[in-house]
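The values are calculated or read from the model by the stated rules, or taken from the named source; none is laboratory data. Quantities reported herein were computed from a predicted structural model and do not represent experimental measurements. In this analysis, Cβ positions are derived from the backbone assuming ideal geometry, glycine residues included, and neighbour counts consider all displayed protein chains.
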Amino acid sequence: MFTNLIVPLDGSTVAANVIPHVVAMARATDAKVTLLRVMVEASTTGLGVDPVGWQLQKSEAQAYLDGVCEHLTPLISLQPEAVLLEGRTADRIIEYARQSDCDLVVLSSHGQGGISGWNVSSVAHKVIGRIGSSILLVRAYQMGDQPTSDAELHYRRIVVPLDGSARAEHVLPVAVALAEWHDATVHLVHVVTPPPFLQRMPLTPEENALVEQVFERNQQHAQKYLEQLQQRLRPEPQIHVITGENVAAALHKFVAQQEADLLVMSAHGQSAQRQWLYGSLVTSFIDHGATSLLVLQDMPAGAIEPTAAELAAEANRRAPSRPNGASSYVGNYAGADQPSQGKDYAVAVI
C-alpha cells in the first residue's frame, strides 16, 4: 500500500477538489500526506521582480497550505506536512516527488486556469507524463458529485481491468484493500476482441468459422481466469467478460455503465514497453476518461527509457552557455535561387 502521498495544490478551489480523495486514500492506507505548492518565479515568466509583492505572495501561499493542513489534521492519522517551493511548477513537483521517495502523487485534472475543454490541464499532463511514480488523477469537472464533507467520500464501485498478465494483476492488493476499507464492490473486467485476421477480401466460410472458434475459446478462458481470481479475493469481486471490436472503447463504455467512482489500473500490461511510461490503455483513460483514475506504476525508477525530448533537454543543459540563450548552427545554406558555392553560414537560433 501507500506510505507517502504528495498532493500538489495551487490555491484554487478547483485543485482543492482532490482533498476528499486524499482523505479517502490516506485513511485507508495510513499514509503520510505532504501538501505541495510551487510559486512560479518571476524569472521564469519574463516579468520584473517586485520583492515586496513576491514575499506577500509567498506568505499567502504558506498560509493557504497551513490552513489545509489544519483542516486535514483531524481527518487522517498522521500529521500532514506543507512544503512551499519556487520554480517551474511541473519541474519542481517531479523533482520533489523523486527526491522524497513518494509512492503516490494525487493530482487534480485542472487548477488555477479553471475547467477547460481539455480533459487534463497542461501542468497536470506534464507531471503525469514524467513523474514515474503511481498517480491518482481526480477529475475536477466532477466537483458537483463530491460530498459536502471531505471525510464523507467513500468509493463504492471500483473497476479493475485485467488482461491476464502479472503486471495487470499487481494492482489487486490495493484495489481489494480500498474496497474493504470503503465497503466497496470491486469489478474485475476482461475484454475479448475478435482475433485479428489479415484480409483484403471477405473471409471465406471456413475462415469465419475459425475466427468464431477462437473468439469463443478466448471468452471461455477469460471467464475461467476471472473465476479463479474471484475465489481467492476477499471481499469477493464481481467479474465481467465483455466483448467488443476495440478494448479501450469497450472499457470506456463499461466504466460509464457501471457508474464507477474509481478505476484502478497498472501502468503497463501484457505488452509492456520500457520506452513508454504508460501503456496505450492507460493513456486512453488519462486523455479521455471521466472517472477518477488510480494508476500503479509497475516499473522501477530508472527502468523507463528517456524520451528524445528529455535527452535533448539534458544535452542542452550540459552544453556551454551562449549569449542571450542563443544556440548556433553551422551549415551549408543557399537561398532558393542562389547556389551556395560551398560557403558556410552561421545561423543563430534564439
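Every residue in segment 278-311 that is of a type outside the set (V, I, T) and modelled with pLDDT under 90, please.
To start, the set of residues in segment 278-311 that are of a type outside the set (V, I, T) comprises 278-281, 284-285, 287-290, 292-294, 296-303, 305-306, 308-311.
Scanning segment 278-311 gives M299, P300, A301, G302, A303, E305, P306, A308, A309, E310, L311.
Figure legend. Inter-residue proximity from segment 243-271: first residues assigned to a loop (DSSP other than H, G, I, E, B), second residues hydroxyl-bearing (S, T, Y), beta-carbon distance below 6 Å, spacing 6+ or different chains. Indicated pairs: A260/T291; D261/Y155; A267/Y278; G269/S165; Q270/S165.
Q99 falls short of the stated requirement of being surrounded by fewer than 20 Cβ atoms within 10 Å (Cβ to Cβ) and more than 24 Å from R130 (Cβ to Cβ). The one condition from (1) assigned by TED's automatic domain parsing to the domain that holds A26; (2) at pLDDT 95 or above that M143 does not meet is (2).
For I135, the criteria (1) within 24 Å of A250 (Cα to Cα); (2) without any contact (Cβ under 8 Å) to a residue 60 or more places away in the chain; (3) of a type in the set (A, V, I, L, M, F, W, C) hold in every case but one, which is (2).
Across segment 174-193, the qualifying residues are those that are hydrophobic (A, V, I, L, M, F, W, C) and outside any helix (DSSP H, G or I), and the one among them that is farthest from the chain's Cα centre (by Cα) is V192.
Tell me yes or no: at least one residue of segment 182-197 is polar (S, T, N, Q) and more than 29 Å from Q223 (Cα to Cα). Within segment 182-197, not a single residue is polar (S, T, N, Q) and more than 29 Å from Q223 (Cα to Cα).
Anything in segment 194-239 that is of a type in the set (K, R) and either part of a helix (DSSP H, G or I) or more than 30 Å from V174 (Cα to Cα) (or both)? List them, or say none. Break it down into steps so the answer makes sense when it comes.
Let us first name the residues in segment 194-239 that are of a type in the set (K, R), namely 200, 217, 224, 232, 234.
R200, R217, K224, R232 - these are the residues of segment 194-239 that are of a type in the set (K, R) and either part of a helix (DSSP H, G or I) or more than 30 Å from V174 (Cα to Cα) (or both).
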